[in-house]
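The values are calculated or read from the model by the stated rules, or taken from the named source; none is laboratory data. For clarity, every value in this text was computed on a predicted model and none was experimentally measured. We place every Cβ from the backbone using ideal geometry, glycine too, and count neighbours over all the protein chains shown. Only protein heavy atoms, including side chains, enter the accessible area calculation; ligands, DNA and RNA are left aside. Shrake-Rupley method; radii C 1.70, N 1.55, O 1.52, S 1.80 Å.
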Amino acid sequence: MAALGPAGMIGGLVTLGLIGLLSQVLAEHGADVVAEALIRELINKGESQENIKKKISGYPITQALKLKLYELLENEGKKE
């Protein structure tokens, strides 16, 4: 990014800041809580279950967490 000049350096600093913020949120709440909140938000936005399942399968998370998120998706879908 530094090769892009001052804008690249600022972009790099912003990226580092976002990474720090994300790591702090994950450390405070845990990856499973953050992932569950993300799935609930996708449901609230009206995403289809099939689309959400595709997204979950593409996430770089453990198989156990994927299964937990699939279960959450099924349970939340029954509420509607």
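Among the residues of the range 15-45, how many are touching a residue at least 12 places away in the same chain (Cβ under 8 Å) and within 21 Å of Lys55 (Cβ to Cβ)?
Number of matching residues: 8.
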Which residues, taken from the range 10-25, are open to solvent by 100 Å² or more (accessible area, probe 1.4 Å) and small (Gly, Ala, Ser)?
none
Do you know which residues across the range 26-80 are open to solvent by 40 Å² or more (accessible area, probe 1.4 Å) and part of a loop (DSSP other than H, G, I, E, B)?
Lys45, Gly46, Glu47, Ser48, Tyr59, Pro60, Ile61, Thr62, Glu80
